[in-house]
1. Mind listing whichever residues of region 107-118 are open to solvent by less than 40 Å² (accessible area, probe 1.4 Å) and touching an Asp or Glu at 6+ places or on another chain (Cβ under 6 Å)?
2. From the list Arg19, Arg27, exactly one residue is modelled with pLDDT under 95 and either more than 27 Å from Asp140 (Cα to Cα) or of a type in the set (S, T, N, Q) (or both). Which is it?
3. Go through (1) at pLDDT 95 or above; (2) polar (S, T, N, Q); (3) part of a helix (DSSP H, G or I); (4) open to solvent by less than 100 Å² (accessible area, probe 1.4 Å) for Gln38 and report which single condition fails.
4. Select from region 41-71 the residues that are within 30 Å of Ile108 (Cβ to Cβ), assigned to a helix (DSSP H, G or I) and either open to solvent by 50 Å² or more (accessible area, probe 1.4 Å) or among the aromatic types (Phe, Trp, Tyr) (or both) and list them in ascending order.
5. Just to verify a result, which residue in region 76-106, among those that are in contact with a helix residue (DSSP H, G or I) (Cβ under 9 Å, 6 or more places away or on another chain) and closer than 12 Å to Thr66 by Cα, is least open to solvent (accessible area, probe 1.4 Å)?
Amino acid sequence: MKIDGIDKIIIKRLVKDARTPVLSIAREVGISGAAIHQRLRKLEKSELIDGYRMVLNPKSLGYTTTAFVGVFLDSSSLYSSAVKRLKEIPEVVESHYTTGNYAIFIKILCKNNEDLMHLLNKDIQNIKGVSRTETFISLDQQIDRQISI
């Protein structure tokens, strides 16, 4: 996928704020709003743009504890069924199949440490095939960004 300078400007503006009006971008680059829409459709079709979303602030909703959990499985053949069960837990917001010590590495948002403990003991560690977990509580997030173009 080749992108030119105009595409880069469009992408940068929308990554910074997805609510930026198309006409505002069109004025900035000197082309019509229809041309911007056409370029966006091309970028979406190429799968360079994966989607548009609203980002909620978890702390505003009372989720003050962020944790990363390494999940050890009894057998790698249990991976699919374990992930299926993890998807049923709303506090699990990311899941990665990894190399290294853990079969699965997940990111969890919880209201507090007590909720985290309950989630680990009652939900995650009771999934068939999960032999144990290792938990890392995030004290602060310093970087949160997308890849730049």
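The values are calculated or read from the model by the stated rules, or taken from the named source; none is laboratory data. Just so we're clear, the structure is a prediction, and the values are computed from it rather than from any experiment. A quick note on method: Cβ atoms are made from the backbone with ideal geometry, for glycine too, and the neighbour counts reach across all protein chains shown. What goes into the accessible areas is simple: the full protein's heavy atoms, side chains included, and nothing from ligands, DNA or RNA. Shrake-Rupley method; radii C 1.70, N 1.55, O 1.52, S 1.80 Å.
1. Ile108, Leu109, Cys110
2. Values: Arg27 fails: modelled with pLDDT under 95.
The unique qualifying residue is Arg19.
3. (4)
4. Residues satisfying the conditions are Lys59, Ser60, Leu61.
5. Out of the qualifying residues, it is Ile106.
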